[in-house]
Amino acid sequence: MDLIATTLATLVLLSAFWLLIARRVGATVNGYAAQSIVLGGLAIALFAGSGQTDLLALGLLAILIKGLLIPAVIERQARPVYGLRELQYQVGFPTALLLGAGLTLIAFVAAGRLPFHPGLLSEPVLGMAIAVTLLGLFTTMARRDAVVQLTGLLAAENGLILVGLVISSGLGLLIELSLFLDVLIGVAVMSFLITRIHETVASTDTSELRRLRG
Amino acid sequence: MTGAALMLCVVLLPAAGAAASLVVPERAMAVTALLEVAVLGVALALLALAVQGPAIDAFDHWLHLDGLSGVVLLVVAIVSVLAAVYSAAYMRHELHEGIVRGSEVRRYFAVLHLFVFTMVAVTVAGNLGLLWTAISATTLASAPLVHFYGSREPLEAAWKYLVLTVAGSLIALLGFLILYQAGVGPLGPTYNFSVAVVAGAAAHLSPLLAGAAFLLVLVGFGTKAGLAPMHAWLPDAHSQAPSPVCAMLSGAELNCALLGIFRVYALAAPAAGGAMLRTGLVVFGVASMLVGIVFLISQRDFKRLLAYSSIEQMGLISLGVGLGTPVALLGALLLVVAHGLTKSLLFFATGNLLLRFRTTAIGEVHGVIRTMPWTAILLIGGALAIAGAPPFGVFIADLSIVSGAFAGHLWALGALTGVLMVTAFVPLVLPFHSMTFSPGARTGGEVGALALAPAFALLGAVLVLGVWVPGPLEQLLHSAMTVLPR
């Protein structure tokens, strides 16, 4: 059981690295979809081990909403740029990888230092979960493409769902439902703006927008 | 049970306003403002109930209202009513000029009421997960309003606003999850993650986890509250949105983010020890004041000027709470009210300028005193009020925070705060003086009585606050003080 959970959590972490370095816009969205499905699988595996039904609900929702629905929404809004490679980045490939590794290290050290009461998952998974969160936020800050920035935020949120699984076996179904709703509305608002960005500057490179100063 | 029913009522009324906006004719949108009037009425009844006794807690701790959230609810309700009324005047003018279409106005009002709904939800949230969700939802509801005019600059501002504040919210969520874990020791692995329950066990939380949770929430929601150095989005969003929305963003929404920070501060302080947490608030507070003032000087855009002033004032509020002496706390809480009202007043007044002159450049607005004498009174009164001149509310609040620092024997900090406030005075007042009194062409005239009334109501209110804090408000502020650590 522990082995399966740790393996799945490692896959979630690896997909966070994939988002950080993937250059094609569509590849980052697919990476997010894969990450969400693995995360959902992890929750379902935990349900199989513990019998907590809200974990089953969480797993199914993660697969359906984050693995399928959200990537479909983003693809529909961002189709023109989906196959494009991002040409300009804030941070280059080797630097990004190096900083990502550094963030992962920080996450593991932090997880080791804080006095957690272990639940269904062990402490290394907490380190991975915090690392996924940090990597997602870093992806958003390091990249200029609006679609990739959105995907980074969504990946960070996946990391937080994983943190929630480690420390509380889920915060209760109602809160998780409202979190899913929040994410869904966020994706709707942001993909609407992505369409507008594309109409305005004929790409989704947010640095093209830059005019406001001072 | 009345408290529970009133809380449910106050949060559902704005949602009804959103629904009403979809069916009411465009020219009669002012009617939907009546629902916000009802919100204010219910909020006042609720506050009258809240100051009399202990916090109102209902629905298995899902909803909760105490003095602290009461102060924010008061500001949110007042600013929302007036912003809805002002929006009616503002949008009528934009429709008349052919700048916006009827369908856009309808959508604007629907989203405006939804935005109020999310902010009111923040103030009555008792479950901490719900509190986080509501604070994040304020971003999602207001971003379309920032993007309202649809051109390139509002789009850039809305995107930056979304990306940075959502990232901040996620950092805050990590803080909330760690706060949950901090309570597992005393409360068991599954417990009701609510203000009332966690406050009951606050002294027994894990100190390290509680401290870490607070710092994450401070950085995360500090981004949303515009605290430096995470403020980069604020001047853009708060200057590109339509003026009534700017009033709500600066006057009401920032306080909702602060409420999230102060809530976790109050819960974490008993276990983690006040000193470290307090330092965090003071450091971010002073940094925000410095950044705000640096950008106030030589600012050429009057809406950005007001936005940087908001950064400075948010810094001052968090500094006041961080100082923790009774006088400073009272000053900080009074500043939440005084700043919210004064900043809204200024965004309403400059909104009139914008409708007439079609620019936000300070250098392109001349002779307001001759063409728009009533707006000129608002501009000068508002500028003096926000800069901290007597006899306005902000002055009393500023004075309390500085004397609170001295009362706590923090001489250097008190002196620095005093110097910063005085430094901000000229760069805040001078631009409004030059726009009002400089010689210029005689064009236009006032926008209309409905566009002036909300700002005059606020000018009256901040004048009253400067000379006399009404009894019930004083009770509310004192009740809020008891929630915050000293």
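Okay, here's what the table says:
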| quantity | calculated |
| --- | --- |
| Descending semi-axes in Å of the protein assembly as shown, equivalent ellipsoid built from Cα gyration tensor | 39, 30, 24 |
| Accessible area expressed per residue, the protein assembly as shown, with surrounding protein chains retained (probe 1.4 Å, Å²) | 33 Å² |
| Overall Cα dimensions of chain B, principal axis frame, Å, largest first | 69, 54, 43 |
| In degrees, nearest ten, helix B:2-21 long axis to first principal axis of chain B (Cα) | 40 degrees |
| When each of B:Lys160/B:Lys343; B:Lys160/B:Lys303; B:Lys224/B:Lys343 is checked by Cα-Cα distance, pairs over 20 Å | B:Lys160/B:Lys343 |
| Relative contact order (percent, whole number), segment A:2-209, Cα cutoff 8 Å, 6+ residue spacing | 24 percent |
| Rg/Rh (Cα only; Kirkwood hydrodynamic radius) as it applies to segment A:137-203 | 1.08 |
| Size of segment A:42-163 as Cα extents on the principal axes (Å, biggest first) | 46, 34, 14 |
| Cα radius of gyration and Dmax for segment B:24-125 (Å) | 16.1, 52 |
| Mean separation of Cα contacts under 8 Å (6+ apart) over length of segment B:346-463, as relative contact order % | 43 percent |
| Angle in degrees between helix B:30-52 and the longest Cα principal axis of chain B, rounded to the nearest 10 | 30 degrees |
| Computed helical MRE - 222 nm, the protein assembly as shown, DSSP H runs ≥ 4 contributing -39500 (n - 2.57), nearest 500 | -26000 deg cm²/dmol |
| Computed magnitude of the charge dipole of chain B (debye, nearest 20; Cβ of K, R +1, Cβ of D, E -1) | 540 debye |
| Convex hull volume per residue for segment B:355-486, taking Cα atoms only, in Å³ | 135 Å³ |
| DSSP-assigned coil residues among trypsin sites (Lys or Arg not before Pro) in segment B:10-106, each with at most 15 further Cβ atoms within 10 Å | B:Arg101 |
| Whole-number Å³ per residue for the convex hull built on Cα positions in segment A:2-209 | 100 Å³ |
| Of the DSSP H helices in chain A, those whose Cα atoms cover at least 27 Å axially and whose Kyte score averages -0.5 or more | A:2-21, A:25-50, A:93-113, A:123-142, A:146-168, A:173-201 |
| A:Trp18 accessible area, 1.4 Å probe, all protein chains in place, Å² to nearest 10 | 120 Å² |
| Between 0 and 90°, nearest 10: helix B:411-437 axis offset from chain B longest Cα axis | 20 degrees |
| Contact surface A-B: accessible area buried, both sides summed, square angstrom, 1.4 angstrom probe | 3900 Å² |
| Accessible area of chain B belonging to carbon and sulfur atoms, whole % at 1.4 Å probe | 72 percent |
| Contact order normalised by residue count of chain B, Cα under 8 Å, 6+ apart, percent | 17 percent |
| Sum of side-chain charges, A:Val183 neighbourhood, beta-carbon under 14 Å (Lys, Arg +1; Asp, Glu -1) | -2 |
| Long-range amide H partners of B:Ser194 with built H, under 5 Å | B:Leu128 |
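The values are calculated or read from the model by the stated rules, or taken from the named source; none is laboratory data. Computed from a predicted structure; not experimentally measured. We place every Cβ from the backbone using ideal geometry, glycine too, and count neighbours over all the protein chains shown. Heavy atoms of the whole protein, side chains included, go into the accessibility calculation; ligands, DNA and RNA do not. Shrake-Rupley method; radii C 1.70, N 1.55, O 1.52, S 1.80 Å.
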